[in-house]
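A quick write-up on the structure given underneath.
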Amino acid sequence: MKKNPNKSARSKGNKAEALLQRQLEEQGYEVRRTHLSAYPDIIAWSKDELLLIEVKSRTDQPSALSKVKSVFKASAKTLNNVPNWAQVLCYVYISGHWVAFQYVDGIISQIQSIVTEETYG
């Protein structure tokens with residue numbers, strides 16, 4: 001019997017979300033995961049930061065990041081009332097490390113990840 005690719009992708013996504021949640025908590029953030037594939041996947045905050053994070057897990061393919069950035073940009077545009085001090089981010093778990101992007105005024109830029117690299121096996 002064939003594996004359901006959507007179930008497999010959801011499982012990889014859940015593992016990546018759980019890993020990022022744990023890593024953010026270790027960095028001192030308060031973290032909540034949203035449910036039912038709501039956007040963003042993770043909301044994290046500290047006394048001076050609010051992070052709205054979409055989380056993706058991808059295989060290392062040349063087109064993977066460009067597709068993620070396109071989907072992230074479309075999703076970020078759906079947010080209506082974001083505080084101007086909040087950061088709208090996308091974290092992509094790929095080949096055992098995080099690649100981070102930020103959405104600002106319709107532009108996606110790669111940024112330095114605030115969490116360490118680690119595999120989740």
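The values are calculated or read from the model by the stated rules, or taken from the named source; none is laboratory data. Note that the structure is predicted; figures quoted are calculated from it, not measured. When we count neighbours, we look across all protein chains shown, and the Cβ atoms used for this are built from the backbone with ideal geometry, even at glycine. Areas reflect the complete protein model, heavy atoms only, side chains present, ligands, DNA and RNA absent. Shrake-Rupley method; radii C 1.70, N 1.55, O 1.52, S 1.80 Å.
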Practice problem: Filter the range 14-38 down to residues that are in contact (Cβ under 8 Å) with a residue 40 or more places away in the chain and within 15 Å of residue 87 (Cβ to Cβ) and give me whichever is surrounded by the most Cβ atoms within 10 Å (Cβ to Cβ). | Solution: 20
Practice problem: Please tell me if residue 74 is outside any strand (DSSP E or B) and of a type outside the set (Asp, Glu). | Solution: yes
Quiz item: With respect to residue 54, is the statement that it is open to solvent by less than 20 Å² (accessible area, probe 1.4 Å) and charged (D, E, K, R) true?
Solution: yes
Quiz item: Does the range 69-89 include one or more residues that are touching a Lys or Arg at 6+ places or on another chain (Cβ under 7 Å), in contact (Cβ under 8 Å) with a residue 24 or more places away in the chain and not basic (Lys, Arg)?
Solution: no
Quiz item: Looking at the range 7-57, which of its residues are acidic (Asp, Glu) and within 18 Å of residue 92 (Cβ to Cβ)?
Solution: 17, 41, 54
Self-check item: Matching option when the condition is touching a Phe, Trp or Tyr at 6+ places or on another chain (Cβ under 6 Å) and not acidic (Asp, Glu), among 36, 20, 50
Solution: 20
Quiz item: Within the range 63-96, how many residues are open to solvent by 60 Å² or more (accessible area, probe 1.4 Å) and either under 12 Å from the mean Cα position of the chain (by Cα) or closer than 19 Å to residue 23 by Cα (or both)?
Solution: 3
